[in-house]
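Below is one structure, written out as structure tokens, with a few remarks after it.
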Amino acid sequence: MDEYIRSIDTYFKGEKNSPFIVNFENILDLQEAIAHFEVDGNTIVKTSTLANKDNLPSLDNVLSNCDNITGQIFVTEYSSFLKLRGHNSLIETFRILLHHNKKLVIFTYKCERQLREILNTDLRHRNNIYFHCGKYELEKTIVFVTNNLRIDDVKILPGINYIAPEIEKSTEEKIYIYTAKSKDIYRNSLLEIVELNNAYNILCQKDLSFSKLSENLGSTSQWETLLSVFEDSIIATINKRFGDYSKLETFLVNYSNATIDDKWLYFISLKFCGSKNNSYLQQVIENTNSQDDLIPMLFKKILEMSYFDKTFNKAYQERKNILKLLGANEYIIKFCQLINTKNRDGAYYLTDCSREEKELIFSLFEKYEYSQDELNNISKIVYPDLATYLLPFEFRIDLLKQYFSLYKYSKVINKISPKLYEIMIDQAKKRDYNILLEPRCSVFDKINKANTQVYFIDALGVEYLSFIQAKCVELGLLANINIAHANIPTITSINKEFTTEIEVVSIKELDEIKHAGTIDYDYQKTKLPIHLIKELEIIQQILISIQRKLNNGEFEKIVIVSDHGASRLAVIYNNENIYKMSEKGIHSGRCCSKTQVTETDIKYDFIIESDDYFVLTNYDRFQGSRRANVEVHGGATLEEIVVPIIELTTANNNFEIEIITEEITISFRKQASIKLYISKKLDDICVCIDGQYFQAIMSDDYVYDILIPSIKKAKTYKVDVYQAKNKIATDLSFIVRKEVSQEKDLF
């Protein structure tokens, strides 16, 4: 028999009437004791039955109840209630009980400390308190739950009056109770009390790691929303809602169409998990404390960085990747306003992810007059399609290469370069295109048109050839590009002789943009060349359509041909010459019928005659003509008269190209040369390095030697490879070092 049982039996046989306390340290021993004495003739007083709803039992109720009972009395649960009142209250209550004149046994649970403190101050009670040694147990945590909250898969007691029985029976670490009481009432409690008076608290209980999130990150209703979709853990919830928690940035593609609740849940997911794959997004979420600020911060966080910082390029690219996923967003307007605070540096912070930003790029390029090199370098980062457009095209004719490089630069900055103007005036008199170029009809007639479709793209000038060539490489197309001159005047009616030879697909979109001035392109409404944005998009879509047809085997070849180009600079120049038309003419005064000019004797260096027309060779327009909307044609400037004829086929690039000599040395006596490997034997191979072209000579099977005498500097060089006039590889590279300074880091 256990010692405490003999002690209780001895106590009841004795004469002493004051209560006898037996303390247990674990539930098993306590419940065995209750079971042992719960027999006929004994009364087990469960104090929970003496408490009002959601309240503790009072001492008076306990004593008065016991006083009315005869026989052997055993009181349980009371110590667990008293623990809520705190250490001092428990000691004081038991002192009162020990002095009560009634023979009864009180079972206490885990009160050794308080009972020993009583003994230390009053040894008279040493025979009234018994400590049963048993296995030690940790105290339970009490969880107060507001009545209107629901928690799935958790047993919740209907009031504080049920707390003690559960403490002294349950093996659960936490005991949940619906109560109207606040933990502040029991601020001295010996038991840890946690309040679940809202959904946030419940979430913290369901997943302890959740507590790292501040409750201020959401409203009461938002936390309730999260609770309603909560899975086994916050990570499980995030994975089910947004996919892999480690790839949260991918959800941004759906963000704009997401519900308000899902946008907030996504924000919380980012706050909890961070961004594993995008350090810029990680910076953003660390500095964002509300869902409403997430998108604004995604846009403007970059503005806190200097574009000179070492980390800027990485942050810029990561941000751009995010914006591509996000798509159109109304905050872009505000962001573009903020860009103006960066003044000249603002262009470095823009992207080509939205029309608003693209238009602002043109605005800044015009406002701050960046140099041609600076413009090219900025465009490579912020607007790659524009940078590709600006690339010099290798016409193999120096005049055209220089002219159109300056023309495109002038078009973008919306100002006529003095050097370009000088070349234009020179050519307005000399008209060297007559010597340098064949007529379009001559070039077109030489093309084998078997199983070929012809695309007639109205107003496609040669200014777009760099862009077209680069896009063909991307799309896996071979572009055999030839150039020719159109007929004068450069109007469609006398420049579509090729349409009589073969059925063509006629595309008017470019010409319509240049004439109609739609979507605010009109020069009278906006001086910025923002129509170029749409022009490049149209050309890219045409090339994609061609790629699809060729890949589907509908044709072996597709030929692009144009009637004429167009001049933006004649619009910018905005100058009427001295000759007046009798009535408003077509083509904004770039040409006119001889019958329309009032003067009979025209003497002007920049007017030529062509059949029944007078045609301007500079940027002027005849008096009396209407001003141009966007761009003009009809005259004889190089941009109007030089036209492309492009043969497109599938590339079939099932061969490898690489530079064998990845690093070479040069000296005063030793010229630069590289070796190129091509896994397929090809004729007419050349490379382009720093805008210069060098012929390749096959020295062995699949190996080509290229001598590059112009290279004098030690640095890394980029190489594009051409077969005939088709670019077949791009962005290859090799390193040049000087023999006298091989160890010097020049990059």
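The values are calculated or read from the model by the stated rules, or taken from the named source; none is laboratory data. The structure presented is a predicted model; accordingly, all values stated were derived computationally and were not measured. As a convention, Cβ positions derive from the backbone with ideal geometry for all residues, glycine included, and neighbour counts pool all protein chains shown. We work out accessible area using only protein heavy atoms, side chains counted, and drop any ligands, DNA or RNA first. Shrake-Rupley method; radii C 1.70, N 1.55, O 1.52, S 1.80 Å.
Before moving on, here are some points about what is shown:
- The range 462-477 - residue that is in contact with a Ser or Thr (Cβ under 7 Å, 6 or more places away or on another chain) and either modelled with pLDDT of 95 or more or of a type in the set (S, T, N, Q) (or both) and, of those, farthest from Asn726 (Cα to Cα): Phe467
- Qualifying residue in the range 395-416 (condition: closer than 27 Å to His485 by Cβ and assigned to a strand (DSSP E or B)): no
- Lys429 touching a residue at least 60 places away in the same chain (Cβ under 8 Å), open to solvent by 40 Å² or more (accessible area, probe 1.4 Å) and assigned to a helix (DSSP H, G or I): yes
- For the range 694-718, a residue qualifies if it is of a type outside the set (Val, Ile, Thr) and closer than 22 Å to Glu656 by Cβ, and the qualifying residues are Phe694, Gln695, Ala696, Met698, Ser699, Asp700, Asp701, Tyr702, Tyr704, Asp705, Tyr717, Lys718.
- Val154 falls short on exactly one of the conditions (1) part of a loop (DSSP other than H, G, I, E, B); (2) touching a residue at least 24 places away in the same chain (Cβ under 8 Å); (3) surrounded by 15 or more Cβ atoms within 10 Å (Cβ to Cβ); (4) within 57 Å of the chain's Cα centre (by Cα), and that condition is (2).
- Residue in the range 646-658 that is aromatic (Phe, Trp, Tyr) and modelled with pLDDT under 75 present: no
- Close pairs (9 angstrom Cβ cut-off, 6 or more residues apart or separate chains): of a type in the set (A, V, I, L, M) in the range 162-182, open to solvent by 50 Å² or more (accessible area, probe 1.4 Å) and assigned to a loop (DSSP other than H, G, I, E, B) anywhere: Ile167/Glu139; Ile175/Lys155; Ile177/Pro158; Ala180/Asn147
- Looking only at residues in the range 516-570 that are in a loop (DSSP other than H, G, I, E, B) and without any contact (Cβ under 8 Å) to a residue 12 or more places away in the chain, the one that is farthest from Tyr368 (Cα to Cα) is Gly553.
To keep it simple, each residue is scored yes or no on (1) open to solvent by 60 Å² or more (accessible area, probe 1.4 Å); (2) farther than 28 Å from Tyr109 by Cα.
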{"residue": "Thr146", "(1), (2)": "no, no"}
{"residue": "Gly159", "(1), (2)": "no, no"}
{"residue": "Asn201", "(1), (2)": "no, yes"}
{"residue": "Asp207", "(1), (2)": "no, yes"}
{"residue": "Ser219", "(1), (2)": "no, yes"}
{"residue": "Asp232", "(1), (2)": "yes, yes"}
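- Test for Ser189: is it part of a loop (DSSP other than H, G, I, E, B), touching a strand residue (DSSP E or B) at 6+ places or on another chain (Cβ under 9 Å), of a type in the set (S, T, N, Q) and open to solvent by less than 100 Å² (accessible area, probe 1.4 Å): yes
- Condition check for Gln222: touching a strand residue (DSSP E or B) at 6+ places or on another chain (Cβ under 8 Å), among the polar types (S, T, N, Q) and under 26 Å from Asn147 (Cα atoms): no
- Any hit, the range 394-405, residues being over 26 Å from Ile572 (Cβ atoms) and either open to solvent by 40 Å² or more (accessible area, probe 1.4 Å) or modelled with pLDDT under 95 (or both): yes
- With respect to the conditions (1) modelled with pLDDT of 90 or more; (2) closer than 22 Å to Asn289 by Cβ; (3) open to solvent by 20 Å² or more (accessible area, probe 1.4 Å), Leu248 falls short on a single one, namely (3).
- Considering the range 253-334, the qualifying helices (runs of 4 or more DSSP H), each wholly inside and each with 1 or more residues that are touching a Phe, Trp or Tyr at 6+ places or on another chain (Cβ under 6 Å) and open to solvent by 10 Å² or more (accessible area, probe 1.4 Å), run over 260-273, 291-300, 312-326.
- Note on the range 408-426: among residues that are of a type in the set (Lys, Arg) and surrounded by fewer than 21 Cβ atoms within 10 Å (Cβ to Cβ), the one that is farthest from Ile607 (Cα to Cα) is Lys415.
- Screening the range 50-142 for helices (runs of 4 or more DSSP H) wholly inside it with 2 or more residues that are aliphatic (A, V, I, L, M), open to solvent by less than 70 Å² (accessible area, probe 1.4 Å) and over 18 Å from Asn23 (Cα atoms) returns the ranges 59-67.
- The set of residues in the range 345-377 that are over 22 Å from Lys301 (Cα atoms) and among the charged types (D, E, K, R) comprises Glu366, Lys367, Glu369, Asp373, Glu374.
- Pairs meeting the criteria (first residue in the range 661-685 and farther than 30 Å from Asn480 by Cα and in contact (Cβ under 8 Å) with a residue 12 or more places away in the chain, second residue of a type in the set (D, E, K, R) and part of a loop (DSSP other than H, G, I, E, B), beta carbons under 8 Å, at least 6 apart or on different chains) are Ile666/Lys712.
- Residue satisfying condition, being modelled with pLDDT under 95 and open to solvent by 40 Å² or more (accessible area, probe 1.4 Å), within set Ile502, Ile519: Ile519
- Pairs, first among the charged types (D, E, K, R) in the range 502-515, second surrounded by fewer than 15 Cβ atoms within 10 Å (Cβ to Cβ), C-beta under 8 Å, six or more apart: Glu512/Thr518
- Leading residue by the ranking (least open to solvent (accessible area, probe 1.4 Å)) among those in the range 610-669 that are under 30 Å from Leu707 (Cβ atoms) and among the aromatic types (Phe, Trp, Tyr): Phe655
- Any hit, the range 12-34, residues being β-branched (Val, Ile, Thr) and open to solvent by 50 Å² or more (accessible area, probe 1.4 Å): no
- Remark: Ile483 matches the filter, which requires a residue to be assigned to a strand (DSSP E or B) and surrounded by 21 or more Cβ atoms within 10 Å (Cβ to Cβ).
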